[in-house]
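For reference, the structure is listed below as structure tokens.
The values are calculated or read from the model by the stated rules, or taken from the named source; none is laboratory data. A quick note: this is a predicted structure, and the numbers were derived from the prediction, not measured. Cβ placement follows ideal geometry from the backbone for every residue including glycine, while neighbour counts extend to all protein chains displayed. Accessible surface is based on the protein model in full, side chains and every heavy atom, while ligands, DNA and RNA are left aside. Shrake-Rupley method; radii C 1.70, N 1.55, O 1.52, S 1.80 Å.
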Amino acid sequence: LKMSWFWLYLPLHLLTATCLCHSIKAPTTSSQQSFKSNLFNFYHSLILADGKETTIHLLKDIPKRYYFVLEEGRVLAPFSVTVTPCDVPIEWSIFVYKSPPGKAAPGDHDTQEVSKSHKAASMVSTIFNYKGNSVETYMGMSSHSALYLLEFLSTERDTHITVYLTTDTTSGHLYPELPVDPRIDVLGIGHTTVTLAWKHSPSVLQHRESIQYCLLVNEKHNYKSLCAAETAIRSSGMKLPPTLALSLSPYLLEPQQVMILSNSELSIINKVSSGEVRQVCMGTRNTYTVPSLSPSTQYYFDVFIVNLLTNASAAYTGTFARTLEEPEPKVTELKDGKVIHVVLDGKRQKFYSLQYQARHKKIHFTFQLCRGQIRVHITRNGKTVASENLSGLRYFSLKGKLLDTYSVQLRSTEESNSSVKVLASPHFHKPLFPLLPESLKIKSFSKLRTCRSVTIAWLGTQEESKYCVYRKRIEEDQIWRELQSADRCSGPESRHKSEKVLCKYFYDLNLQRAVTTETIKGLQAGTFYLFDVYLFGPSGIPVRYHSKVVKTRKKC
């Protein structure tokens, strides 16, 4: 690279540059005064790399300075500087020192003469100044050799920024290009969905293989850059991939993160105190329907066009939308002693309401969770009396007045289908559901496993009841699906007759001894089996224990 005389003198004559600074009188503006004091100590400044994005960390109230020199010998020297704040607003300025025509280099000893100080000062000028948190680009053109100094300052707190300097404006851009209209359009709003569209980036048409769109959804506000969004999420206590553009690379998720991969589309959901933050990368598609949102909630949407090769990105103009209010659910009346089976579609119908008018002072509600995750909320005459997540079989015994009105609201807490059986009755001494043990887990004994048999155990109660054992041979890749899709309310009538092993009665008044074991024989070596135990009460309604998968030994 052919350097100017000014470039050559800077590294070789630091002391001479100090003399130059003494020769410059105080400028008329505070920014120029800052430049004068900085020029005195310019050897503490860093050289800003050309053609490379530089990350700069700023300490509160401590300015940081970088410099660069334009090449000598070019008729016109174009350059551009792009600064991206990654958090709080910052102040940044560009100063220029141009050598007077016909004058010697700033390292000459005659610059120490006080009589020439005014001429030197007149060559120092501020060409750009900005304060804020938007991505800003300064484009300049110079016909003289000049020293440029960039000064950055954060007055709110410690932060970081990225700076990109380039003097080559003909070989393309580091950052993907935005369309002429960079706004995001909201095409449709539902109770739990918002459909968005945006105009294609010119970069997608030229470099389709290395460009993709990424969407950020949150409940707080819009972000003006990708690094600002990542900084905000990290400040909530979570770790992210280096950039959203690299989200398609495998990495370990934090406990607060959920990753969903479907149809070549990666979604990452972060659980933060201010709500969910979702990141979705959808390739080069420029329309997207955001699913599984909460009703009557305002969301902010930001689209980033990302270069996968350079990790550089550009932000569309963010938008926001409020989802529609959830329609009032239909109310079903509960009748004494009648079981109602409620099925909730996690995507379409998440709420279900039941109503019961008391004809006795004491009322008993029974809930048997069949599948999924459900939260129950019970009110009496409009006041909450119970609210919790259901697990297994749950009883609520409530005392009130005659003709009290009880409302029961059931809400699915996951996207898959959930179901529950509900019973309201004033006669708790004649329950339809059997008395349950402390645990519904089935235990297997590893030391008692053989190639042809498995020994299992489960807890009983103080009430004599019937227990039926079923087995099912499964493949290893079926285990997760079988355990997740199991309907805990279904009885043996849904099973094939060949799966039945045995039925037995037992009880023990001493709960410490209310345990039974059973050895299931006639199995195949090295095979996975799914075991189920059904408990039947006086009414004949079954309760299913938690399924247990056991593998027989390969060799004995």
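Here are a few things to note about the model shown:
- Of all residue pairs spaced 6 or more apart or on separate chains, those with beta-carbon atoms under 8 Å, a first member in segment 32-61 that is at pLDDT 85 or above and a second member that is in a loop (DSSP other than H, G, I, E, B) and of a type in the set (Gly, Ala, Ser) are Glu53/Ala312.
- Within segment 362-405, considering residues that are of a type in the set (Lys, Arg) and farther than 26 Å from Asp345 by Cβ, the one least open to solvent (accessible area, probe 1.4 Å): Arg380
- Of all residues in segment 160-170 being open to solvent by 10 Å² or more (accessible area, probe 1.4 Å) and touching a residue at least 24 places away in the same chain (Cβ under 8 Å), the one that is farthest from Asp50 (Cα to Cα): His160
- Number of positions in segment 447-466 that are open to solvent by 10 Å² or more (accessible area, probe 1.4 Å) and either out of contact with any Phe, Trp or Tyr (no Cβ under 8 Å at 6 or more places or on another chain) or modelled with pLDDT under 95 (or both): 12
- Selection within segment 290-334 - farther than 18 Å from Glu219 by Cβ, open to solvent by 20 Å² or more (accessible area, probe 1.4 Å) and either among the β-branched types (Val, Ile, Thr) or outside any loop (DSSP other than H, G, I, E, B) (or both): Asn307, Thr310, Ser313, Ala315, Thr317, Val331, Thr332, Glu333
- Checking Thr519 against (1) of a type in the set (Ser, Thr, Tyr); (2) crowded, with 16+ Cβ neighbours inside 10 Å; (3) touching a strand residue (DSSP E or B) at 6+ places or on another chain (Cβ under 8 Å), the condition it does not meet: (2)
- Every residue from segment 468-516 that is of a type in the set (Phe, Trp, Tyr) and farther than 27 Å from Ser418 by Cβ: Tyr505, Phe506, Tyr507
Yes or no, residue by residue, for (1) in contact with a Gly (Cβ under 7 Å, 6 or more places away or on another chain); (2) closer than 25 Å to Pro434 by Cα:
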position	(1), (2)
Val469	no, yes
Ile474	no, no
Cys489	no, yes
Glu493	no, yes
Thr516	yes, yes
Val533	no, yes
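- Residues in segment 82-115 that are over 19 Å from Phe68 (Cβ atoms), open to solvent by 60 Å² or more (accessible area, probe 1.4 Å) and modelled with pLDDT under 85: 8 in all.
- Close pairs from segment 507-521: first over 16 Å from Cys468 (Cβ atoms) and assigned by the TED database to the domain that holds Leu448, partner of a type in the set (Phe, Trp, Tyr) and open to solvent by less than 40 Å² (accessible area, probe 1.4 Å), Cβ under 9 Å, at least 6 apart: Ala514/Phe506; Val515/Trp458
- Residue, modelled with the lowest pLDDT, within segment 335-349, restricted to residues that are charged (D, E, K, R) and open to solvent by less than 80 Å² (accessible area, probe 1.4 Å): Asp345
Here's the yes/no breakdown for (1) closer than 30 Å to Met123 by Cα; (2) of a type in the set (Gly, Ala, Ser); (3) open to solvent by 70 Å² or more (accessible area, probe 1.4 Å):
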position	(1), (2), (3)
Ser145	yes, yes, no
Arg157	no, no, yes
Pro176	no, no, no
Asp185	no, no, no
Leu196	no, no, no
Leu205	no, no, yes
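- Looking only at segment 529-541, residues that are farther than 23 Å from Thr519 by Cβ and open to solvent by 20 Å² or more (accessible area, probe 1.4 Å) come to 4 in all.
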